[in-house]
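Peer 1: Take this structure, written in structure tokens, and hold onto it; I'll ask about it next.
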Amino acid sequence: MWPINAAADAAFTFAFAVVDVVLFLGSYLASTGIGRAVDRASMRRLPSPRLSLPPADYRASANPHVEPAALRLGHFPAQRDLWAVAYLRDGDNAVADLLIARAVCLGWIVAEEGRLIVKHHSVPHDAVLHEFSVSLQFHVNKPISLSTLWTESQAAAQRVASTLADVVASSGMDRTPRSQRVSLLTFFAAPGLMTAIALAGIVVAITSGSPWAHLGVMLLAHCVVSFGIAHFVWRARSAQASTYLTWSNSTAAALKDEVASGGTHQIKQVSVVVAIAGLREVAFTPVFRDMHLLGPPPDKGAA
């Protein structure tokens, strides 16, 4: 029965590739749409926690306590929620951006004679800033390279990543396991069928003594692409997260313009912009311009 008994030659392989590309696109769109529908149907309405650190533990590794806060569509994020907003946007990298931005605004890091210098400062009670501050204590009153600064900020972000992930999940912004499973099964339906057809075609070709090398190579490429796309399907943002970030960006449009033009450089306004849009949005403002923070950090490449 065609296509199983079709000759596994170059023409069949080309037709297989064309159909495969179309099915990949359709499967990805279907899995994304169905996954978001499941997200919306099972949206959790639990309160989002915020991070705090007991003053007595200021020299210990941060183990943040969880207290009620709000991270919901229609409620602009408070200062205490910005770490979670940054994590929601781009994980550890976005949190590292926000750590550096706040450290600069607080005067912890200054540019002197073309070098970045870490100034003496008291250790804060904020759990995430606490982690970064403790790391910077080893560099006080010394020059610090851009690569070291990024390394320290990302290390601090990684140490609180699990807590921030809990904040996002408790806010109903994370994808549910059910949504991830449904998305993955939906995506693999068509590629799985094409894999079965290709395997059957190869078996028929082998038993009949026909050439099958073209189809074998195509099948290998098909499997690699399938699992590559499946990775993105599994890690895709939830419908709630995408909607929330889009809404936050549009709501903060005027503030972003004001900060980018140098109209304000207060830590609260700068923190909102960096959490929502990234360090690039403020890198060329008067406060940050001389620091050249958009050089290539070690784990992020060129910003």
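Peer 1: Only one of these is crowded, with 23+ Cβ neighbours inside 10 Å, at pLDDT 85 or above and closer than 25 Å to Gln266 by Cβ: Val160, Val140. Name it.
Peer 2: The unique qualifying residue is Val160.
Peer 1: State whether one or more residues within the stretch 189-203 are farther than 26 Å from Thr32 by Cα, touching a residue at least 40 places away in the same chain (Cβ under 8 Å) and loosely packed, with under 14 Cβ neighbours inside 10 Å.
Peer 2: The answer is no; no qualifying residue exists.
Peer 1: Here are Ala156, Ala111: which of them is under 16 Å from Leu82 (Cα atoms), assigned by TED's automatic domain parsing to the domain that holds Val287, among the small types (Gly, Ala, Ser) and touching a residue at least 24 places away in the same chain (Cβ under 8 Å)?
Peer 2: Just one listed residue meets the conditions, Ala156.
Peer 1: Among the helices (runs of 4 or more DSSP H) lying completely within the stretch 105-223, list those that include at least 3 residues that are more than 30 Å from His75 (Cα to Cα).
Peer 2: On the way: elements: 127-136, 146-159, 161-170, 177-208.
Filter on the stretch 105-223 gives 127-136, 146-159, 177-208.
Peer 1: To continue, here is another question. For residues in the stretch 204-222 being in contact with a helix residue (DSSP H, G or I) (Cβ under 7 Å, 6 or more places away or on another chain) and modelled with pLDDT of 85 or more, which is surrounded by the fewest Cβ atoms within 10 Å (Cβ to Cβ)?
Peer 2: My answer is His222.
Peer 1: Residue check, Leu129 against (1) free of Cβ contacts under 8 Å to residues at least 24 places away in the same chain; (2) within 21 Å of Gln266 (Cβ to Cβ); (3) among the aliphatic types (A, V, I, L, M), all met but one. Which one?
Peer 2: Only one criterion is unmet by Leu129, namely (1).
Peer 1: In this structure, is Leu53 modelled with pLDDT under 85 and among the hydrophobic types (A, V, I, L, M, F, W, C)?
Peer 2: Taking the combined requirement at face value, the residue satisfies it.
Peer 1: Looking at (1) surrounded by fewer than 19 Cβ atoms within 10 Å (Cβ to Cβ); (2) at pLDDT below 85, can you tell me which one Thr251 breaks?
Peer 2: Thr251 satisfies all of (1) surrounded by fewer than 19 Cβ atoms within 10 Å (Cβ to Cβ); (2) at pLDDT below 85 except (2).
Peer 1: Filter the stretch 16-47 for residues that are modelled with pLDDT under 80 and more than 19 Å from Ala236 (Cα to Cα); which is surrounded by the fewest Cβ atoms within 10 Å (Cβ to Cβ)?
Peer 2: Arg45
The values are calculated or read from the model by the stated rules, or taken from the named source; none is laboratory data. Model, not experiment: these values are computed from the prediction. Every residue, glycine as well, gets a Cβ built from its backbone with ideal geometry; the counts of neighbours run over all protein chains shown.
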